[in-house]
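One structure is given below, encoded as structure tokens.
The values are calculated or read from the model by the stated rules, or taken from the named source; none is laboratory data. Since the structure is predicted, the reported quantities are computational estimates derived from the model, not experimental observations. FYI the Cβ positions are ideal-geometry reconstructions off the backbone, even for glycines, and counts take in every protein chain you see.
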Amino acid sequence: MGTPWRKRKGIGKCPAPWRTQVGTMSPAIALAFLPLVVTLLVRYRHYFRLLVGTVLLRSLRDCLSGLRIEERAFSYVLTHALPGDPGHILTTLDHWSSHYEYLSHMGPVKGQILMRLVEEKAPACVLELGTYCGYSTLLIAQALPPGGRLLTVERDPRTATVAEKLIRLAGFDEHMVELIVGSSEEVIPCLRTQYQLSRADLVLLIHRPRCYLRDLQLLEAHALLPAGATVLADHVLFPGAPRFLQYAKSCGRYRCRLHHTGLPDFPAIKDGIAQLTYAGPG
């Protein structure tokens with residue numbers, strides 16, 4: 001008979017030299033990758049801070065407070081801003097974002113670009129896709145010419161409720177600024193019939209960059225862009241809207257310009273606003 005299994009030597013055991021080799025290799029591998037990890041953390045530290053602030057800490061505060069960040073920001077505005085003064089309300093939101101919680105808003109640098117363009121173009125009717133907390137809505141409303149009208153679209157009802165309160169707190173009534181709750185994909189085809197919008201002289205895309213191209217083509221398909229209309233698109237570099245930019249540059253119906261900026265409160269993260277001028281259907 002052969003040797004019983006339990007007495008066979010070496011079966012089920014790792015030779016001592018191999019165990020020693022594995023034990024010494026793990027720290028060596030970790031040390032080898034340490035410079036790479038440190039380099040990546042240093043190089044992308046701004047993105048890491050943004051991730052921690054906008055995902056981890058925000059989720060924790062949402063759970064602890066029972067409120068979203070937009071609702072917490074609005075509570076701060078109520079106690080620190082002057083009602084009826086949109087400029088002071090915007091400054092208060094900037095202070096909240098810089099000192100308390102990052103708000104993912106347009107910010108003062110991009111805001112100046114937006115207000116300047118609205119003042120230059122003097123649009124009779126503006127369409128904003130992506131109200132969020134109402135920050136960019138107030139910027140546009142401040143710069144509108146007399147008799148100008150702004151329609152702003154927000155898909156999230158809870159966020160829209162906060163934005164509505166902020167807009168009215170700033171002193172803009174429903175005749176001047178109308179907030180529509182719904183997805184841009186569903187609202188755009190109804191703008192002419194349900195909201196009496198026959199043309200949008202200026203459009204601001206500030207919702208989801210992956211939806212920019214779809215919504216631009218919807219605006220074209222429903223003939224809502226007159227020749228000479230201005231289309232502004234935020235966040236085209238971060239997180240980015242490459243398909244939108246490629247289409248705008250290659251279709252032959254737009255003159256394109258890019259305003260380079262940094263991300264609000266994170267200037268090292270490069271972003272930009274695309275400015276398109278519509279030449280017509282061609």
(message) Of all residues being without any contact (Cβ under 8 Å) to a residue 40 or more places away in the chain and part of a helix (DSSP H, G or I) in region 98-141, which is farthest from Val162 (Cα to Cα)? Just the residue, please.
(response) Glu120
(request) Please verify whether region 105-125 includes one or more residues that are surrounded by fewer than 20 Cβ atoms within 10 Å (Cβ to Cβ) and under 26 Å from Ser59 (Cα atoms). (result) yes
(request) Test Ile269 against the criterion of being touching an Asp or Glu at 6+ places or on another chain (Cβ under 6 Å) and not hydroxyl-bearing (Ser, Thr, Tyr), and give yes or no. (result) no
(request) Give the number of residues within region 146-180 that are aliphatic (A, V, I, L, M), within 18 Å of the chain's Cα centre (by Cα) and either assigned to a strand (DSSP E or B) or at pLDDT below 95 (or both). (result) 1
(message) Can you confirm whether Tyr76 is in contact with a Gly (Cβ under 6 Å, 6 or more places away or on another chain) and surrounded by 14 or more Cβ atoms within 10 Å (Cβ to Cβ)?
(response) no
(request) Give the residues of region 202-231 that are assigned to a helix (DSSP H, G or I) and either within 21 Å of Gly148 (Cβ to Cβ) or at pLDDT below 95 (or both), sorted by residue number. (result) Leu219
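Which of the following residues is over 22 Å from Leu179 (Cβ atoms), assigned by TED's automatic domain parsing to the domain that holds Met115 and either within 22 Å of the chain's Cα centre (by Cα) or of a type in the set (Val, Ile, Thr) (or both): Pro226, Pro267?
Selected residue: Pro267, the only one of Pro226, Pro267 that is over 22 Å from Leu179 (Cβ atoms), assigned by TED's automatic domain parsing to the domain that holds Met115 and either within 22 Å of the chain's Cα centre (by Cα) or of a type in the set (Val, Ile, Thr) (or both).
Only one residue in Thr79, Thr91 is part of a helix (DSSP H, G or I) and more than 20 Å from the chain's Cα centre (by Cα). Which one?
On the way: Thr91 fails: more than 20 Å from the chain's Cα centre (by Cα).
Exactly one of Thr79, Thr91 is part of a helix (DSSP H, G or I) and more than 20 Å from the chain's Cα centre (by Cα), namely Thr79.
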(message) So, Arg243, is that one part of a helix (DSSP H, G or I) and under 19 Å from the mean Cα position of the chain (by Cα) or not?
(response) yes
(request) Within region 202-216, work out how many residues are touching a residue at least 40 places away in the same chain (Cβ under 8 Å) and surrounded by fewer than 19 Cβ atoms within 10 Å (Cβ to Cβ). (result) 1
(request) Within region 189-204, identify whether any single residue is in the same structural domain as Arg168 (by TED's automatic domain parsing), under 23 Å from Lys270 (Cβ atoms) and under 18 Å from the mean Cα position of the chain (by Cα), and answer yes or no. (result) yes
(request) Report the residue count in region 59-70 for those that are surrounded by fewer than 18 Cβ atoms within 10 Å (Cβ to Cβ), in a helix (DSSP H, G or I) and touching a helix residue (DSSP H, G or I) at 6+ places or on another chain (Cβ under 9 Å). (result) 3
(message) Taking the criterion of being surrounded by 13 or more Cβ atoms within 10 Å (Cβ to Cβ), over 30 Å from Thr54 (Cα atoms) and in contact with an Asp or Glu (Cβ under 8 Å, 6 or more places away or on another chain), would at least one residue in region 185-195 satisfy it?
(response) yes
(request) Tell me which of these Arg199 doesn't satisfy, since it passes every other one: (1) surrounded by 13 or more Cβ atoms within 10 Å (Cβ to Cβ); (2) basic (Lys, Arg); (3) not in a loop (DSSP other than H, G, I, E, B). (result) (3)
(message) Anything in region 231-260 that is surrounded by fewer than 21 Cβ atoms within 10 Å (Cβ to Cβ) and touching a residue at least 60 places away in the same chain (Cβ under 8 Å)? List them, or say none.
(response) His259
